[in-house]
1. State, to one decimal in nm, how far the label point of Glu300 lies from the label point of Thr264, with both points 7 Å from Cα in the Cβ direction.
2. With each run of n ≥ 4 DSSP H residues scored as -39500 (n - 2.57), what mean residue ellipticity at 222 nm is computed for the chain after dividing by its residue count and rounding to the nearest 500 deg cm²/dmol?
3. Could you tell me the calculated FRET efficiency between Glu285 and Asp226, based on Cβ-Cβ distance and R0 = 51 angstrom, to the nearest 0.05?
4. Taking every alpha carbon pair in the chain, what does the distance histogram look like in 20 angstrom bins from 0, in percent?
5. Amide H to amide H, which residues 5 or more places from Asn303 or on other chains are under 5 Å from it, using H placed in the peptide plane?
6. Assuming 0.36 nm per residue, please report the length gained on full extension of the stretch Ser79 to Asp56 beyond their Cα-Cα distance.
7. Please work out the C-alpha center-to-center distance from region 252-309 to region 65-125 and express it in whole Å.
8. With springs connecting C-alpha atoms under 10 Å apart, model the chain as a Gaussian network and identify which of Ala225, Ala77, Ala133 has the largest mean-square fluctuation.
Amino acid sequence: MQSTPPSPEAVAYLAAVGTALPGDPVDNAMLAKTLGVNEEWIDVFIGTRTRHFARDLITGEVRWSLADLCAQAGERALSAARVAPEEIEFVVMGTATPDHLMPATVNQVADQLGLDQLPTYQLQSGCAGAVQALELGRTLITGGGYGTGLVIGGDVCSKHLELDRDLSGAAPSDLVNYVLFGDGAGAAVLTSEPRGHRLALRRVLNRFTGLGREPGQVIDWFGLADRHEDRQAVREDYKAIESAVPVMAAEILWELLEELDWSTDQVDFLLPPQLSGRMTRRITEQLDLPGAVEVSCVAETGNNGNALPFLQLERLLEQMTDGQRALAVAVESSKWIKSGFALEKV
């Protein structure tokens, strides 16, 4: 049974976006030298040129927590929207890599931003988490009576990597976790009335489609009872992802177009899934929207999970003009979730 969309009169608006990337970009030459892997393999197989890490690759020291990055992104979004912290009425956050099991990272972020006495929500999800957070924020505004809220997404993936591990004999399916991901955060201010960039959030799609399917990715927590078990913290079936994601991306695109009653030539910008530089190019070609400008960032930022839609939105805001429309497509392969959203500048 599908959820009922808000009435045509109920609209949430995206006023501004802020992002945060930790440290200087790490290129493939530096990454290959640090990890002892082949630089050409990273260039060809992954197609990502640089990424950012919250952790020092040499010492292993974590220099930024997820809360730190999300608070930086939130501050920048508030400043760009010209919204004072006391105007924020709720905070929603999506992440796959919280700083702790408890307290929820969203509350650490709220504390750093000086926010208090307001509802906070943390959604634990992979690449679809940012879209889920946008949908909850939209629902709180269109149906919950709130006027202004902060929606955040971010991940610090590097804390799961064993930097002292010998990778010389590792299989490509194992190596991919060391070269695919990066760290970062993003945030958006949502409002009930047009403010700032005045992007109407016309539709949000979120649908679990993983019934009976094996996960494409698993990230484990280790407790006192199992921390010495000989298993990887991160496991990924890259072949399954490579096969399934392009198909799911096309399904998301056409579902959104049908729901919106938009034709392909009415889409001015496309925000495709940001798996890697190579995979994003392949997916964009298959989606075949020749009149839409592609908005991508993964080749420069790495796959930093829930930060990616906000990094794409930040680039979109620099280009979008009144009356133009954009579609965003995101796929979560951990247990297969279709997600996406539609924007129109009013």
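Read-outs throughout are calculated quantities, based only on the coordinates presented, and are distinct from any laboratory measurement. Owing to the predicted nature of the structure, the values given are computational and were not obtained by experimental measurement. A quick note on method: Cβ atoms are made from the backbone with ideal geometry, for glycine too, and the neighbour counts reach across all protein chains shown.
1. Label-label distance for Glu300 and Thr264, simple model: 2.9 nm.
2. -9000 deg cm²/dmol
3. 0.75
4. Histogramming the chain at 20 Å steps yields 32, 59, 9 percent.
5. Phe181, Gly182
6. 5.4 nm
7. So the separation of the two Cα centres works out to 27 Å.
8. In this elastic network of the chain, the residue with the biggest mean-square fluctuation among Ala225, Ala77, Ala133 is Ala225.
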